[in-house]
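Structure first, commentary second.
The values are calculated or read from the model by the stated rules, or taken from the named source; none is laboratory data. As the structure is a computational prediction, the values presented were derived from the model and not from experiment. Neighbour counts run over all protein chains shown; Cβ positions are idealised from the backbone, glycine included.
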Amino acid sequence: MYNTSFYKIICLLTLIGIFPYSYVYPQVNENDMDNQKGKGLRSYEFALRISFMASSGTISYTDANSEFHTSFPKEGESTTFTSPSLAGGIGIGGSDIYFGWNLIRFDMNSETQEPNIFLNEDNDPVFIPAGSEVTSETDMEIFSIIWTKDIVSSKRSIFGLGAGLMLIDYSSSYQVEGYTDTGGFGQLFPAPMISLEYTYQVKKLEFQVLAGGVGIKIQGNEIAYLNLDIALRYKLFNMSNWMGMLSVGFKYIPFHLSISNDDFTYQNDMVMAGPFIGFRLRRSRK
């Protein structure tokens with residue numbers, strides 16, 4: 001069993017120390033548009049977001065005692081959950097550095113797609129018919145740090161590129177009807193990430209499109225995570241260099257994970273999507 005407490009503590013201290021954000025990238029300030037190339041500390045910000053997500057996909061698991069394939073959600077049901085995220089960032093010259101945290105956790109009910117024979121703890125065969133109910137839980141905690149650079153900017157719009165590191169703490173467990181043992185695993189995945197961002201602002205409204213994620217294959221293990229994000233923000237206030245904005249939007253996340261080792265083979269392909277609401281507070285230096 002792996003231990004990620006040390007990594008989590010370091011990431012959380014970093015978030016707290018640099019003004020905690022996950023997948024909400026640079027905020028455009030109408031008064032700062034022409035000063036993006038300035039020197040020194042330009043701004044800092046933090047944000048909170050709650051996403052209301054639904055997920056669907058497939059899971060396959062094989063080890064020495066069991067094998068099953070299932071798709072979720074179960075027919076006539078839905079797999080919905082809320083996903084919180086926090087983030088913080090600092091603007092230095094024409095660049096920004098963002099630190100993020102995002103939690104994805106949900107339970108799901110599905111059914112086995114074909115009959116199987118499992119071995120229990122006494123190595124006795126247990127017949128599992130097709131259509132047996134599978135109860136499972138997926139847990140992903142995501143930490144990220146990303147550096148972004150404005151490539152093209154004008155008075156009202158910015159196009160930027162980013163690169164950084166994403167740390168995905170993934171775990172999954174399952175229980176099959178008629179089989180007393182619980183299966184599953186957990187693993188930590190560090191991976192490089194890239195992002196694209198376009199922002200357009202008109203008066204108190206701001207429209208932003210974001211795309212960012214990772215894709216990596218190491219020793220036969222694969223992970224791919226893509227975040228597509230469309231947001232509309234409204235400026236609630238702007239006083240004494242403090243700006244507060246309300247955000248609403250929609251996010252779409254396709255996810256692929258394939259793990260193969262001497263103990264088990266596991267694959268999870270799923271899509272998570274849904275609306276979100278959030279708040280951002282930003283301070284700019286004159």
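A few points about this structure:
- Residues in the stretch 197-229 that are loosely packed, with under 13 Cβ neighbours inside 10 Å and under 25 Å from Phe99 (Cβ atoms): Ile218 alone.
- Of the residues making up the stretch 157-171, not a single one is within 26 Å of Glu77 (Cα to Cα) and modelled with pLDDT under 80.
- If the condition is being within 17 Å of Ser55 (Cβ to Cβ) and surrounded by 16 or more Cβ atoms within 10 Å (Cβ to Cβ), then the stretch 274-286 contributes Gly274, Phe276.
- Extreme residue, modelled with the lowest pLDDT, among residues of the stretch 34-53 that are outside any strand (DSSP E or B) and among the polar types (S, T, N, Q): Gln36
- Flag for Val214 being touching a Ser or Thr at 6+ places or on another chain (Cβ under 9 Å) and aliphatic (A, V, I, L, M): no
- Restricted to the stretch 40-98, and to residues there that are of a type in the set (D, E, K, R) and closer than 30 Å to Ile117 by Cβ, the residue that is surrounded by the fewest Cβ atoms within 10 Å (Cβ to Cβ) is Glu75.
- Any hit, the stretch 251-260, residues being of a type in the set (A, V, I, L, M, F, W, C), surrounded by fewer than 16 Cβ atoms within 10 Å (Cβ to Cβ) and either under 23 Å from the mean Cα position of the chain (by Cα) or more than 30 Å from Ala64 (Cα to Cα) (or both): no
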